[in-house]
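Visitor: Structure provided below as structure tokens; questions to follow.
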Amino acid sequence: MTKRYIIMFIVYTAIMAAIYTFIFTEKFGVAFVKSVIAGALFVGLYHLLVRWLAKRNRDA
């Protein structure tokens, strides 16, 4: 499970860094910091959603 989250974080961070750099024309350093924050939020929300759905299915 942790390995999947790490891979998701790396992929999402790379995609967001590219989007911030090329589409919004920001410096790579700023884009990388923003993408790391966005990646952490994305993986955190995904983790909470998966836990909530598992608990919901278990209770049903």
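Throughout, read-outs are computed from the coordinates displayed, never taken from laboratory work. As the structure is a prediction and not an experimental result, all values here were calculated from the model. Don't worry about glycine lacking a Cβ; one is built from the backbone with ideal geometry, like all the others, and counts go over all protein chains shown.
Visitor: At 0.36 nm per residue, minus the direct Cα-Cα distance, what do F42 and I7 gain on full extension? Give it in nm, one decimal, please.
Guide: Computed gain between F42 and I7 is 11.4 nm.
Visitor: Farthest toward the dipole's positive end in the chain, which of A31, I10, H47, given Cβ charges of +1 (Lys, Arg) and -1 (Asp, Glu) about the Cα centre?
Guide: Looking along the dipole axis, the top candidate is H47.
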